[in-house]
Amino acid sequence: MRKKKNAYLEINHCFFQKDLVDWLYSKFSDYVLTKPKWRKTNGKREAYRFSTQSLSVFTEYYDRFFLNKRKIIPKNFKLDCLSLAVWFMDDGCKNNSSIYLNTQHFSKEEQYQLIEMLWKNFGIESTLNKDKIYFRIRIRTKSAMKFIQLIDKFVLPKFKYKYPSVITP
């Protein structure tokens with residue numbers, strides 16, 4: 001999200017995640033003037049993207065989720081199965097038996113807040129995992145199946161490749 005007077009949302013991914021961009025576009029299309037399209041960035045990267053209009057409705061979310069242009073976890077933030085699935089499709093990855101949620105740009109305190117929410121709301125055990133110089137959330141192997149069962153009905157078919165290889169829902 002970005003904000004001048006009012007905020008807007010930009011969805012920007014590589015071609016492989018085109019299905020997610022198109023799905024998100026279908027949810028936000030009433031707020032978008034131009035359909036998703038290809039864009040070349042500096043260098044060799046190509047992106048598939050769309051942006052919403054700058055509107056007060058997005059400003060409300062921006063003000064809730066950003067502080068001094070830094071993304072934050074608001075104190076009254078809630079997660080449900082759909083939001084977990086979107087988060088996983090957008091910014092999740094795997095190894096053989098674990099799931100990672102890329103939270104590297106949140107503070108450690110905020111990441112622990114998310115870990116606590118995963119436990120209290122869903123019984124999902126997770127911990128912090130060091131990724132180079134940052135930390136991210138790692139869903140423990142023993143909770144990976146439970147996590148997948150919670151999100152599976154919302155995950156677009158193309159994104160099920162992110163499921164750990166030892167899990168078949």
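Output the number of residues of segment 133-157 satisfying the condition of being under 16 Å from the mean Cα position of the chain (by Cα) and assigned to a helix (DSSP H, G or I).
4
Which of the numbered conditions does Lys130 fail, given that it passes all the others? Conditions: (1) crowded, with 16+ Cβ neighbours inside 10 Å; (2) assigned to a strand (DSSP E or B); (3) not aromatic (Phe, Trp, Tyr).
Going through the list (1) crowded, with 16+ Cβ neighbours inside 10 Å; (2) assigned to a strand (DSSP E or B); (3) not aromatic (Phe, Trp, Tyr), Lys130 breaks only (1).
Give the residues of segment 7-52 that are closer than 26 Å to Leu67 by Cα, out of contact with any Leu (no Cβ under 6 Å at 6 or more places or on another chain) and among the polar types (S, T, N, Q), sorted by residue number.
Once the filter is applied, which keeps residues that are closer than 26 Å to Leu67 by Cα, out of contact with any Leu (no Cβ under 6 Å at 6 or more places or on another chain) and among the polar types (S, T, N, Q), segment 7-52 yields Asn12, Ser51.
Can you find a residue in segment 83-100 that is outside the structural domain of Phe28 (by TED's automatic domain parsing), in contact (Cβ under 8 Å) with a residue 12 or more places away in the chain and in contact with an Asp or Glu (Cβ under 6 Å, 6 or more places away or on another chain)?
No: segment 83-100 contains no residue that is outside the structural domain of Phe28 (by TED's automatic domain parsing), in contact (Cβ under 8 Å) with a residue 12 or more places away in the chain and in contact with an Asp or Glu (Cβ under 6 Å, 6 or more places away or on another chain).
Can you go through Ser107, Ser143 and tell me which one is small (Gly, Ala, Ser), under 19 Å from Ile72 (Cα atoms) and assigned by TED's automatic domain parsing to the domain that holds Asp90?
Of Ser107, Ser143, the one residue that is small (Gly, Ala, Ser), under 19 Å from Ile72 (Cα atoms) and assigned by TED's automatic domain parsing to the domain that holds Asp90 is Ser107.
The values are calculated or read from the model by the stated rules, or taken from the named source; none is laboratory data. No experiment lies behind these values; they were computed from the predicted model shown. Heads up, the Cβs are rebuilt from the backbone with ideal geometry, glycines too, and the neighbour counts pull from every protein chain shown.
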